[in-house]
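Before any comments, here is the structure.
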Amino acid sequence: MQIRFSDYMIRSWKMDDAPAIVKYANNKKIWRNLRDAFPHPYSLTDANGFLMKVGSHDPECVFAIATKEQAIGGIGMVIGEDVHRYSAELGYWLGETFWNQGIMTQAVKLITAYAFMNLNLYRICAEPYEGNKASVRVLEKAGFQYEGRSRASVYKDGKLLDQLVYAKVKQ
Ligand SMILES: CC(C)(COP(=O)(O)OP(=O)(O)OC[C@H]1O[C@@H](n2cnc3c(N)ncnc32)[C@H](O)[C@@H]1OP(=O)(O)O)[C@@H](O)C(=O)NCCC(=O)NCCS
């Protein structure tokens, strides 16, 4: 899979992306906004383990954000099961060097359109932790609607936090 936008692309992960993942993902400012399954520190072994796992997803739903030269971030969905099988939760991160240039807003818009078209989904949500203003802004700019607050739903970095629920529904 590959979707190009300006100087960037969303594409399938490749096994040789591991060093770039370590370069950009090994950052506490990224880790503190993601699940603990995203490790910190982020080692080459972690990156290789992640790449082995994403290679086996069917359908493919976790992708790299990349320049022509290297991966600089990730974007992906966890597709629900049972009665939630037409819903997915979106997650994303970007190397800090590339923040605040509109890259993730573009990527979220494109992956949402891709998922509605190709993954048979009717709802895509994202649930940033309270205080994650950059992610909230990305979701607003990408046309997600605020649905509410899941109180004390997350325990991260020694603190109980609310999650802010944003979603887009297929028209
Ligand atoms: C969230 C993240 C992906 C944003 O990527 P990005 O490419 O920088 O996003 P964009 O440039 O498209 O948009 C960022 C917006 O947030 C705003 N923003 C950034 N930091 C902010 C802050 N501290 N307070 C308020 N707004 C802020 C930017 O000004 C921009 O909005 P604008 O276009 O209205 O000026 C990136 O910061 C990141 O990887 N964070 C760590 C991981 C994470 O939080 N993932 C999401 C989990 S839900």
Which one of these is of a type in the set (A, V, I, L, M) and more than 21 Å from residue 164 (Cβ to Cβ): 108, 78, 83? 83
State all residues of the range 39-90 that are of a type in the set (Gly, Ala, Ser), crowded, with 19+ Cβ neighbours inside 10 Å and within 20 Å of residue 24 (Cβ to Cβ); if no residue qualifies, say none. 47, 64, 66, 71, 73, 74, 76
Residue 12 vs. criteria of a type in the set (S, T, N, Q) and touching a residue at least 12 places away in the same chain (Cβ under 8 Å): yes
Reported set for the range 128-171 where residues are in a loop (DSSP other than H, G, I, E, B) and of a type in the set (D, E, K, R) is 130, 157, 170
For the range 20-45, enumerate the residues that are farther than 15 Å from residue 91 by Cα, assigned to a helix (DSSP H, G or I), within 16 Å of the ligand (Cβ to nearest atom) and not basic (Lys, Arg). 20, 21, 22, 24
Which of the residues spanning the range 134-149 are surrounded by 14 or more Cβ atoms within 10 Å (Cβ to Cβ), touching a strand residue (DSSP E or B) at 6+ places or on another chain (Cβ under 6 Å) and either more than 20 Å from residue 29 (Cβ to Cβ) or modelled with pLDDT under 95 (or both)? 144
Tally, over the range 116-127, of residues that are crowded, with 18+ Cβ neighbours inside 10 Å and assigned to a loop (DSSP other than H, G, I, E, B): 2
Hey, can you tell me all the residues within the range 93-120 that are under 10 Å from the mean Cα position of the chain (by Cα) and near the ligand (Cβ under 7 Å from one of its atoms)? 93, 94, 104
Answer yes if at least one residue in the range 69-92 is outside any loop (DSSP other than H, G, I, E, B), farther than 22 Å from residue 169 by Cβ and more than 15 Å from the chain's Cα centre (by Cα), and no otherwise. no
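The values are calculated or read from the model by the stated rules, or taken from the named source; none is laboratory data. Remember, it's a predicted structure, so these values are computed and weren't measured experimentally. Quick reminder, even Gly has a Cβ in these numbers, built from the backbone with ideal geometry, and neighbours come from all protein chains shown.
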